[in-house]
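Q: Here you go, one structure.
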Amino acid sequence: MKKTRLLFFAALATAAFNFSSCSDDDKPTFNIPTTDIDGDAYTMGGDLRLLYSIDNGANYSTTVPTNIGKDVHVLVKLNNGTTDLTTDDFDIDWTGSSPAPTVAESGVAEFVASTNIAVQVSVTDKMTLVTSHRANGKFFAVNTTTGALTESFTPMYADAALTGVRGFVYHYKKGLYYASLNTDKGGYLYTINPSTKAATRINENDGANGAEVWDAVVNWAVAADDSLIAIGDFNGDGNGVVKFGTDGGRSTKTAEADICCALGMLYDATAGEFQIANGENANEGEVIIDRVTNAGVFVGESVTMSLAGFSDDFSGDYIYLRTMAKSPTGEVYGTLYSAEFKKTYFVKINIASATVTYVTTLGENNENQYNSLAFIPNYTL
């Protein structure tokens, strides 16, 4: 989002609000000559602004207080035009302010006037890693350190839980989750309203709305043109890359590639390039990462990953890195499935060092699988 910089000069301030606590003209008063809001890493929308209070939070105003008496407490918080921003959903940093706030909690900074106050704040989306249970449709927040799961929400469709979700992504410009659902007959595409968690089917996978029949759309990403891009199994067109419009309509230009199985996916929208777990040429116990362009062209060399920390022996077992998700700070996580042990493992992935490290076992047996994995903004939960 844009960076907003506002410069206020006490010499130009009107007399509409006079917050002086002094009755004696000789006592010092102070002002807030500059404010700076850095919203580059903020995505919720609206018009970022600061709100001010000098009555201990009873009333807030967008009007910058002037002629502030010595030792008066000035409370400042961030608002986007409709909503106050809190630390539940955002990292809010007042570090650059001068003087520093005496207290900064829950998104409110408290300054004590002893000199002019320069307010500087940055706001960054907090993100949560979520995964979905294939059988019951529940989404869980994943602790990235331990893999512990906390139930978060359950999307509903036609008065029932939306089960079998495979691909899942948040589309920032549309303000919607997008999900693919795989079934024995192929599957469907949905949007999910973050506020209500109600799902809407946008592609029946029956030839309508420009669609062709597919076997599986396994992971989602948002492309540079705001369409949905995926790796999947597309029957007559072969496996490869496909795009869908945000209305669910399918691109007629699917790029074929020798891609099979597993299909955990990271996508660089700027470069137009995937990193995928490709089981096409993998042997037992192997996880192979390939780079593939939007056009289905392989780039560079395949990377065969080393496995670390697992107690199960996969030497005779085909394993599938079904998901990958990258945090805003660059850490990559995934879910790995063992066909032999019928377990879903939560793992940490370092492609540079070619390592997949065990964190925990999320589920055992085929009825207890976790299929999707995505980082989403806290404000959507």
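Q: How do the pairs read when you match residues in the range 262-288 that are under 15 Å from Val347 (Cα atoms) and of a type in the set (S, T, N, Q) with residues anywhere that are open to solvent by less than 10 Å² (accessible area, probe 1.4 Å) and modelled with pLDDT under 95, using Cβ under 8 Å and keeping only pairs 6 or more apart or on different chains?
A: Listed by first residue and then by second, the contacts come to nothing, as the list is empty.
Q: Ok, one more. State all residues of the range 144-176 that are more than 12 Å from the chain's Cα centre (by Cα), buried (at least 21 other Cβ atoms within 10 Å of the Cβ) and either in a strand (DSSP E or B) or without any contact (Cβ under 8 Å) to a residue 12 or more places away in the chain (or both); if no residue qualifies, say none.
A: Within the range 144-176, Val165, Arg166, Gly167 meet the criteria.
Q: Going by the conditions given, is Ala118 without any contact (Cβ under 8 Å) to a residue 24 or more places away in the chain and out of contact with any Leu (no Cβ under 9 Å at 6 or more places or on another chain)? Steps first, please.
A: On the way: without any contact (Cβ under 8 Å) to a residue 24 or more places away in the chain: no; out of contact with any Leu (no Cβ under 9 Å at 6 or more places or on another chain): yes.
When the stated conditions are applied, Ala118 does not pass them.
Q: Would you mind stating whether Asp55 is farther than 20 Å from Leu381 by Cα, without any contact (Cβ under 8 Å) to a residue 12 or more places away in the chain and charged (D, E, K, R)?
A: Details: farther than 20 Å from Leu381 by Cα: yes; without any contact (Cβ under 8 Å) to a residue 12 or more places away in the chain: yes; charged (D, E, K, R): yes.
Judged against the criteria, Asp55 is a match.
Q: Output the residues belonging to the range 96-143 that are closer than 21 Å to Tyr60 by Cα, open to solvent by less than 30 Å² (accessible area, probe 1.4 Å), assigned to a strand (DSSP E or B) and in contact with a Phe, Trp or Tyr (Cβ under 6 Å, 6 or more places away or on another chain).
A: Listed by number, the residues that qualify are Ala109, Val121, Val123.
Q: Mind listing just one residue for me: the one in the range 14-52 that is in a loop (DSSP other than H, G, I, E, B), hydrophobic (A, V, I, L, M, F, W, C) and modelled with pLDDT of 95 or more and, of those, farthest from Pro377 (Cα to Cα)? Break it down stepwise before answering.
A: Narrowing the range 14-52 to residues in a loop (DSSP other than H, G, I, E, B): 14-28, 31-33, 42-48.
Applying the additional criterion that residues be hydrophobic (A, V, I, L, M, F, W, C) yields 15-17, 19, 22, 32, 44, 48.
If we keep only those that are modelled with pLDDT of 95 or more as well, we get 32, 44, 48.
On the way: Ile32: 32, Met44: 9, Leu48: 17 Å.
The residue in question is Ile32.
Q: If you scan the range 178-225, which residues turn out to be small (Gly, Ala, Ser) and at pLDDT 90 or above? Lay out the reasoning, then the answer.
A: Initially, the range 178-225 is screened for residues small (Gly, Ala, Ser), giving 179-180, 186-187, 195, 198-199, 207-208, 210-211, 216, 221, 223-224.
Matches in the range 178-225: Ala179, Ser180, Ser195, Ala198, Ala199, Ala221, Ala223, Ala224.
Q: Now a separate question. Can you tell me which of Asn294, Asn378 is under 30 Å from Gly45 (Cβ atoms) and open to solvent by less than 40 Å² (accessible area, probe 1.4 Å)? Outline the logic, then answer.
A: Numbers: Asn294 fails: open to solvent by less than 40 Å² (accessible area, probe 1.4 Å).
Going through Asn294, Asn378 in turn, just one is under 30 Å from Gly45 (Cβ atoms) and open to solvent by less than 40 Å² (accessible area, probe 1.4 Å): Asn378.
Q: Give the residues of the range 320-331 that are touching a residue at least 40 places away in the same chain (Cβ under 8 Å), open to solvent by 10 Å² or more (accessible area, probe 1.4 Å) and more than 16 Å from Val169 (Cβ to Cβ), sorted by residue number.
A: If the condition is that a residue be touching a residue at least 40 places away in the same chain (Cβ under 8 Å), open to solvent by 10 Å² or more (accessible area, probe 1.4 Å) and more than 16 Å from Val169 (Cβ to Cβ), then Tyr320, Glu331 are the ones that fit.
The values are calculated or read from the model by the stated rules, or taken from the named source; none is laboratory data. Since the model is a prediction, treat every value here as computed from it, not as a measurement. Don't worry about glycine lacking a Cβ; one is built from the backbone with ideal geometry, like all the others, and counts go over all protein chains shown. Accessible surface is based on the protein model in full, side chains and every heavy atom, while ligands, DNA and RNA are left aside. Shrake-Rupley method; radii C 1.70, N 1.55, O 1.52, S 1.80 Å.
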